[in-house]
């Protein structure tokens, strides 16, 4: 089996070296990275290119370990008119992601070993990103009986994150059992915090605006009360808890309090909750319809501050593709969700780096290291040091460009950013040593699939020789 | 005007223009031949996704008296759940050459969405959307108030300083919302009276005085107008209030309360009324009541709105 073509990345700045908020990315010394057989084998300066080695001149670019999305909806199986594992991972690669965790609300629901293995296999074959399926907490997301958590954890998909996302595990006794049971398998429950009774028919954030627009309100307390309950349950049983897509200032305060108590809780925020507000709903443009809903200015400010303070651990996209007809309709009838993989990094640059809420090193933690840690993503590089897996992304932080339909590489176009000028650019995405995004252009599916097959064969051979 | 979607974005001048044109239209309705040739050759579609006989026939009468061709399309049951989308319906209307679409829809924002979609060139007139707005109802209410207060001198007048108390299920009422925005832009002082469960969340951020007690509101707001809203009996089972008796006792306009009103105070109701619940028979049938005037004025106001939307060349600006 032929090894992957070797790569030499020259004169790249490492995000990990940019620890000061507001620092110019040019302020650190660039390095060269040599990649052979899917691993970084050498890090230095003025490395000489070897014969047959591809050289990427990366002066002006910033390198981070490959982005990891702990919250992606790939829709396959069952929702292939919205997205497939292939198209979703193409979107991921375009956004700088080398790994995605695929949510369980597919049709059939990912609540058995069979479905999660199918999703993983499709991801392996596509090759654009490592796909780690998330298993449903309850059978068919019905919130009544635990799903086969053990079977999914012990399957080839090695599921470690369990979530009924899209629905809240709202029965407190079932939530307690779930927290306890996943401990057995080293897992974590990712809770979609939404009290179902307080949000019956809810369409947007509850407030003066929802009343004015005549859209049923979605109170902040419906999220905050579930988080408060669950952190206490997690503390009581000593389990790990992850809270999906925090959206209110009050939720931040609950997490802040829980962390101060020592509860093993982590929290995520979506890029869109860091930038968009409920005012946009005035248009009744269903692209802004999302779960949890867009909130107020003060919530957006609190979420950004919570990232800066380390109360929020990760940024996760909640990439939720939908076909056009699910969005080109009356607000009440429209589906919740927006796509987010391709726009995550520009929005993070805009809201966190440019606003001084995070350094580049912290951004790497938010978008790569910490999501991998929460999801127990084995093999994810801890840094861009020699010996690590060559999963990385090269970003041009300068300039801006219009985000348009051409920017979207998945199957759906339900993005709120179309027509907006967004900063930065994902230039290269490299997974297991091979390029999936090449100077802003996706590499062809057959090329990526072949490279992925070679990478798997190489990894298998290496593992075999080590035994 | 390109469309009439709400009252919240109407300016004072636009509102007064509509009301003044409604005065002209009303004058024509006193003639033996009530029909005007103004919209001859125009096609207006009444696109009703929700049952509303009163509003539909009011629009139908207004369109016909302006000589427009009217197509009544009861779209109830053909919404997304049944198959055809609003987009498909809109494109059908575009294909048959509709000049104006009067839309009643259970989803808030559906008319706004239709107007901005690019699916249709027709002028869109909101005839009530979800719990959002019902602009022509508010305009006919303002028209009725102006007529009662100023009589023959109504033309050109606003409602500066007039006290309007709106009582009942504010939460689910598009009429209350449209009235609030319109009355405020016309200079009136508006009060809402309801149990807390029937007040929309965040109402206290709106330019309105809130009362829980109707008696206190009557005493403190000294209303020129009391407007009752219909209580839908299913609300009782949704725990917004315990029962009919308790509601009527606290928020119903009964004969005792009517007797305590100032002589000038008029009683309005958008209909249909629940006699004995939100309004007593005595109040409904008294000389203070404007219920039937509201119905008659509705035709004039809708004629004015359709005239402004559809006469002459349709431009982009107001």
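The values are calculated or read from the model by the stated rules, or taken from the named source; none is laboratory data. Since the structure is predicted, the reported quantities are computational estimates derived from the model, not experimental observations. Every residue, glycine as well, gets a Cβ built from its backbone with ideal geometry; the counts of neighbours run over all protein chains shown.
I'm trying to understand the selection: among the residues of region B:212-242, which are in contact with a strand residue (DSSP E or B) (Cβ under 8 Å, 6 or more places away or on another chain) and either within 22 Å of residue B:263 (Cβ to Cβ) or modelled with pLDDT under 95 (or both)? Break it down stepwise before answering.
The initial filter retains those residues of region B:212-242 that are in contact with a strand residue (DSSP E or B) (Cβ under 8 Å, 6 or more places away or on another chain), namely B:212-214, B:217-218, B:220-229.
Correct list: B:214, B:217, B:218, B:220, B:221, B:222, B:223, B:224, B:225, B:226, B:227, B:228.
Within region A:24-40, the set of residues being crowded, with 16+ Cβ neighbours inside 10 Å and either part of a loop (DSSP other than H, G, I, E, B) or in contact (Cβ under 8 Å) with a residue 60 or more places away in the chain (or both) comprises A:25, A:28, A:30, A:33, A:35, A:36, A:37, A:38, A:39, A:40.
Between A:247, A:283, A:251, A:211, which is in contact with a helix residue (DSSP H, G or I) (Cβ under 8 Å, 6 or more places away or on another chain), crowded, with 20+ Cβ neighbours inside 10 Å and within 14 Å of chain B (Cβ to nearest Cβ)? Give the steps one after another, and end with the answer.
On the way: A:247 fails: within 14 Å of chain B (Cβ to nearest Cβ); A:283 fails: crowded, with 20+ Cβ neighbours inside 10 Å; A:251 fails: within 14 Å of chain B (Cβ to nearest Cβ).
Every option except A:211 fails the conditions.
Within the span defined as region A:178-197, every residue fails to be more than 19 Å from residue A:101 (Cβ to Cβ), within 14 Å of another protein chain (Cβ to nearest Cβ) and in contact (Cβ under 8 Å) with a residue 40 or more places away in the chain.
Between A:427, A:457, the distinction of being over 22 Å from the mean Cα position of the chain (by Cα) and not assigned by TED's automatic domain parsing to the domain that holds residue A:317 belongs to A:457 only.
Within the bounds of region A:395-403, is there any residue that is touching a helix residue (DSSP H, G or I) at 6+ places or on another chain (Cβ under 7 Å), touching a residue at least 60 places away in the same chain (Cβ under 8 Å) and assigned to a strand (DSSP E or B)? Scanning region A:395-403, I find at least one residue that is touching a helix residue (DSSP H, G or I) at 6+ places or on another chain (Cβ under 7 Å), touching a residue at least 60 places away in the same chain (Cβ under 8 Å) and assigned to a strand (DSSP E or B), so the answer is yes. Residues that are within 13 Å of chain A (Cβ to nearest Cβ), within 10 Å of residue B:5 (Cβ to Cβ) and touching a strand residue (DSSP E or B) at 6+ places or on another chain (Cβ under 8 Å) within region B:111-130 comprise B:111, B:112, B:114, B:115, B:124, B:126, B:129, listed in sequence order. When region A:217-244 is filtered for residues that are in contact with a helix residue (DSSP H, G or I) (Cβ under 8 Å, 6 or more places away or on another chain), within 14 Å of another protein chain (Cβ to nearest Cβ) and surrounded by fewer than 21 Cβ atoms within 10 Å (Cβ to Cβ), only A:221 remains.
Among the residues of region B:53-82, those identified as buried (at least 17 other Cβ atoms within 10 Å of the Cβ) and modelled with pLDDT under 90 are B:73, B:75, B:79, B:80. Residues of region B:251-267 that are in contact (Cβ under 8 Å) with a residue 60 or more places away in the chain and in a helix (DSSP H, G or I): B:251 alone.
Going residue by residue through region B:99-112, is there one that turns out to be at positive phi and out of contact with any helix residue (DSSP H, G or I) (no Cβ under 6 Å at 6 or more places or on another chain)? No, because not a single residue in region B:99-112 is at positive phi and out of contact with any helix residue (DSSP H, G or I) (no Cβ under 6 Å at 6 or more places or on another chain). Hey, does region A:156-173 have a residue that's at pLDDT 95 or above, within 14 Å of another protein chain (Cβ to nearest Cβ) and surrounded by fewer than 24 Cβ atoms within 10 Å (Cβ to Cβ)? Checking region A:156-173: not a single residue is at pLDDT 95 or above, within 14 Å of another protein chain (Cβ to nearest Cβ) and surrounded by fewer than 24 Cβ atoms within 10 Å (Cβ to Cβ).
Give region A:410-442 a look and list any residue that's assigned to a loop (DSSP other than H, G, I, E, B) and buried (at least 21 other Cβ atoms within 10 Å of the Cβ), or say none. Please lay out each step first, then the result.
Taking region A:410-442 as the starting set, the residues that turn out to be assigned to a loop (DSSP other than H, G, I, E, B) are A:410-420, A:432-433, A:439-440.
Hits for region A:410-442 are A:410, A:411, A:412, A:414, A:415, A:416, A:417, A:432, A:433.
Hey, any hits in region B:83-90 for a residue that's more than 10 Å from every other protein chain (Cβ to nearest Cβ) and buried (at least 17 other Cβ atoms within 10 Å of the Cβ)? Looking through region B:83-90, at least one residue is more than 10 Å from every other protein chain (Cβ to nearest Cβ) and buried (at least 17 other Cβ atoms within 10 Å of the Cβ). For region B:268-286, the criterion of being touching a strand residue (DSSP E or B) at 6+ places or on another chain (Cβ under 8 Å), within 23 Å of residue B:140 (Cα to Cα) and assigned to a strand (DSSP E or B) is satisfied by at least one residue. Residue B:118 meets the conditions (1) touching a residue at least 40 places away in the same chain (Cβ under 8 Å); (2) over 24 Å from residue B:141 (Cβ atoms); (3) surrounded by fewer than 22 Cβ atoms within 10 Å (Cβ to Cβ) in every case but one. The failed one is (1).
Can you say whether residue A:186 is out of contact with any strand residue (DSSP E or B) (no Cβ under 6 Å at 6 or more places or on another chain) and surrounded by fewer than 24 Cβ atoms within 10 Å (Cβ to Cβ), as far as the supplied structure shows? Walk me through it before giving the result.
Values: out of contact with any strand residue (DSSP E or B) (no Cβ under 6 Å at 6 or more places or on another chain): yes; surrounded by fewer than 24 Cβ atoms within 10 Å (Cβ to Cβ): yes.
The answer is yes for residue A:186.
Looking only at region A:41-89, which residues are part of a strand (DSSP E or B) and surrounded by 24 or more Cβ atoms within 10 Å (Cβ to Cβ)? If the condition is that a residue be part of a strand (DSSP E or B) and surrounded by 24 or more Cβ atoms within 10 Å (Cβ to Cβ), then A:62, A:63, A:64, A:65, A:67, A:68, A:69, A:70, A:71, A:72 are the ones that fit.
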